[in-house]
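Scroll down for the structure; my scribbles are underneath it.
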Amino acid sequence: MKVMNCTIAISNVQSVFNNGDNHDPKLAKRLRDDIKSFEQFINESSLSHQSCVDMTYKFSYQPGELALLNDDGEKIATIELRNLKNKVIAIEEVQVNEKYRGQGLANEIITLLMWLVEGADSKLKANCPFAKSYLETRPQFNNIVEP
């Protein structure tokens, strides 16, 4: 098995990620560099690219919503979320701005959510048809899916 070793410790995370936006330019650069290293690692491995997140777009999180943003900060794809009991997050709806449809952004934002949820040691429950279909076709996320 090929393993990538990358750890980032973020102290005082509440002040760094105020309202879901990163306010630390050094951390932003480190994250971008680590993401590029991860992309290179994935490209050199045999993993399916459906398992990866393309960080071309910025993202924001606020309670109840994860969003991909274009360079102007406009929301181009969103996931409506609802917290359930026992660290379970329900995916209520996945939407892509009409101007950006057909570019795979729904897959991209939901893959990003999968990695964030897995990193938070939480579980997901799909309530919308798109999320259900996505999860049915990606067994790599079975460990975080709540039936």
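The values are calculated or read from the model by the stated rules, or taken from the named source; none is laboratory data. In this text the structure is predicted, and so the values were computed from the model without any measurement. Cβ: placed from backbone, ideal geometry, glycine included. Neighbour counts: every protein chain shown.
Restricting to the range 94-115, what's the tally of residues that are closer than 14 Å to LEU135 by Cα and either of a type in the set (A, V, I, L, M) or more than 11 Å from the chain's Cα centre (by Cα) (or both)?
Of the range 94-115, the ones closer than 14 Å to LEU135 by Cα are 94, 106-115.
Right, trim to either of a type in the set (A, V, I, L, M) or more than 11 Å from the chain's Cα centre (by Cα) (or both) and you get 94, 106, 109-110, 112-114.
The total comes to 7.
Out of the residues in the range 115-140 that are more than 18 Å from ASN86 (Cβ to Cβ) and crowded, with 18+ Cβ neighbours inside 10 Å, state the one that is modelled with the highest pLDDT.
Filtering first and then ranking leaves ALA131.
Please specify each residue of the range 103-147 satisfying the condition of being assigned to a loop (DSSP other than H, G, I, E, B) and over 23 Å from GLU39 (Cβ atoms).
Residues of the range 103-147 assigned to a loop (DSSP other than H, G, I, E, B): 103-104, 120-122, 127-128, 137-138, 146-147.
Across the range 103-147, the qualifying residues are ASP121, SER122, ASN127, CYS128, GLU146, PRO147.
Tell me which residues, restricted to the range 73-102, are within 16 Å of PHE59 (Cα to Cα) and assigned to a loop (DSSP other than H, G, I, E, B). Break it down into steps so the answer makes sense when it comes.
Applying the first criterion (within 16 Å of PHE59 (Cα to Cα)) to the range 73-102 yields 73-81, 94-97, 100.
Result: GLY73, GLU74, ASN97.
Determine the pairs where a residue that is within 26 Å of GLN40 (Cα to Cα) and part of a loop (DSSP other than H, G, I, E, B), located within the range 1-28, has a partner that is among the charged types (D, E, K, R) and at pLDDT 75 or above with Cβ atoms under 7 Å apart, the partner being 6 or more residues away or on another chain.
What qualifies is CYS6/ASP34; ILE8/ARG30; ILE8/ASP34.
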